[in-house]
Amino acid sequence: MSTLPRVYFVLLVVALASLVAACVAPVAPAAPGAAPAAGERVLTIGMSGDVETLDSDFSHFQRSNEVNYNTQDQFFLYGYNETPDGYAMYDPSQINGSAIEAWEVAPDGLSATLTVRSATFNHTGNPVTADDIVYWFERGINTKSGYLWNIKNANIDSWEKLSDTQVKVNFSKPSPFFFYLFRDQSQAPVDSVAMQENVADGDPWSTQWKAKNEAASGEYYVESYTPGVEMVLRANPNYWAGPAYFDKVVLKVIPSSADRVLLLQEGAIDIARDLSPDELDNLRNVPGVSVLSVPTRNQYIVGLNNTIAPFDNKLVRQALSYAVPYESIVNHVFRGRALESHGPVARKGNGFTEGLWPYTYDLEKAKALLTEAGYADGFEFTMDIQSGNPVIEELAILLQSTFKEIGVEMTIDKQTAAIFAERLDKKTHQAWLRDLLWYVDDAAYTGFAFYTCDNVINWMAYCNPDVDTVIYEAAAIWKPEDQDRKTELTTEMQRIIIEDAPTLMLAETNLELAMRDDIAGYVHLPDNMLWYYTLHRAE
């Protein structure tokens, strides 16, 4: 009796799962004008799990954010430049219009008039108008969720419809972050007519409907979704910048990373997401496969609760900073494909200041600081981590081992994602470990969002009034001629935070992506998401 090669067995299992799920899950009809199946160009991406939600207002997940980025037409886009390494890199100095075709900022910086691009929503054909922009703002305010964060941090005070194609946005003070924030995946018009047709009792903003339906005007739209199996995106044939190269993108759920590796090697999928460093290493020399490695601003950080002993003592925090095995983390945990972090602003980030970082792996220095702080015999503490992430666990175990050498006993508490996130929000962790990616590439924004006393994501409960003073002044600078002053302020911000050591800065990692070697056109975005629109198959 013959047996199927494993790759064909995996494909058969996936196909059977699709057939079973199709019997119980409805498939959305294709939008008018969808390309015919014959001869279409298809990009297939293997993922570890489902797309969590299509409502970008409530998305805190990278997979969902990526789908939202590719189906919604953001207000603005960064430009990008080609690199010698075969990919393009975003450029925050280039702001291009997308859903917003043109704009004019008032000379005093207190308002901006936005002109809406002529376009239609994919599923209904309704025109994109100023009413949809106004609805987007009002939904963000009334749902008190994701949009509200960007509205507030952009200093937006009010908005008004000027005509069917123009909206005026008013700022409480000049907003240096407005364009950066409004290229985020969630900042895009939604079909207000379709949304209002799907309100429900107790749900005036259609949150239940929107979680499973996109109502956007972007490069792709959701053609079908079979939970647990796949989501199919179809290219928008009427996209303002022209249709995408790939007619269809299939996001296939393949829970086993070993199966994703196998299917990539055999060419059954084009891109494999969510692979371990070992799996990526094993793919580097496989014929037909390419592993992209791009330096990023993604930082692995240990947060120390500055209000809970012993981390209310700056000397203790400095001592642990000297007990971090930086070189071992870069070379062993990340296989040399990372940088040592040198402060609160990522080294690849806009506004990073070199030469301020004093910390090296120096256990004698660490012990001396602990003695000075009154902890000559060390202490015990608990570090919380989210379960299920092998890199985080490896980092935690390494730190546990090295801290023990200076008499510090660290207990690792693995928690579910929900519990871990809840405790972050309530700032009840004694210490935590996670990675953080700064979506806005601006040193003042990083300081404002994470290190000011009263900010909601200041999960360390860190507070230094001197830091707040320089951050707030830097965050108010918006004119190009004042950028030298902004650099002075953000340099001082970095100096103070590095001395205060509210966090342990571990490493800044590369984005690594395994794909077939004929996939070209990768553009690196600041949020490490994959932009399907620019991808194509090399001839």
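Nothing in this text is a laboratory measurement; each read-out follows from the coordinates by a stated rule. Fair warning: this is a prediction, and the values are worked out from it, not measured in the lab. Reconstructed Cβ throughout: ideal geometry from the backbone, glycine too, with neighbour counts over all protein chains shown.
Just a few scattered comments:
- In percent, rounded to a whole number, the relative contact order of the stretch 295-510 is 38, using alpha-carbon pairs under 8 Å and six or more apart.
- Taking packing as the residue-averaged number of other Cβ atoms within 10 angstrom, the listed peptides 206-215, 329-338 run from highest to lowest as 206-215, 329-338.
- Helix-only mean residue ellipticity at 222 nm for the chain, each DSSP H run of n ≥ 4 adding -39500 (n - 2.57), per residue, nearest 500: -9000 deg cm²/dmol
- Euclidean distance between Cα centres, the stretch 458-515 to the stretch 200-220, Å: 36
- Taking label points 7 Å from Cα along the Cα-to-Cβ direction, LEU315 and ASP466 give a separation of 1.8 nm.
- Span-rule helices in the chain, defined as complete DSSP H runs reaching 27 Å or more along the axis (Cα) with Kyte mean at least 0.0: 6-24
- Secondary structure note: in the chain, about 75% of the DSSP beta bridges are antiparallel.
- Residues of type lysines that LYS212 reaches as a straight line, Cα spacing below 28 Å, ignoring anything fewer than 8 places off in the same chain: LYS144, LYS152, LYS248, LYS252
- At R0 = 41 Å, FRET efficiency that the Cβ-Cβ distance of HIS332 and GLN483 yields, to 0.05: 0.55
- Whether the stretch 163-311 is rounded, prolate or oblate, judged on the alpha carbon gyration tensor where a/c under 1.5 counts as rounded: oblate
- Relative contact order [Cα under 8 Å, 6+ residues apart], the stretch 416-539, whole percent: 19
- Set of the stretch 323-355 residues, backbone N closer than 16 Å to the point 7 Å along the Cα-Cβ line of GLU394: 325-340
- For the stretch 139-184 versus the stretch 402-425, the gap between their alpha-carbon centres in whole angstrom: 37
- Exposure proxy ranking, count of Cβ atoms within 10 Å, fewest first, for ILE519, ILE301, ILE133: ILE519, ILE301, ILE133
- Note on VAL193/GLU138: beta-carbon distance plugged into 1/(1 + (r/R0)^6) with R0 of 25 Å gives a FRET efficiency of 0.95.
- If only the Cβ of Lys and Arg carry +1 and only the Cβ of Asp and Glu carry -1, the dipole of the chain around its Cα centre is close to 600 debye.
- Chain lengthening between VAL456 and GLU380 when straightened (0.36 nm per residue, less Cα-Cα): 24.6 nm
- Under the criterion of Cα pairs below 8 Å and six or more residues apart, the relative contact order for the chain equals 19 percent.
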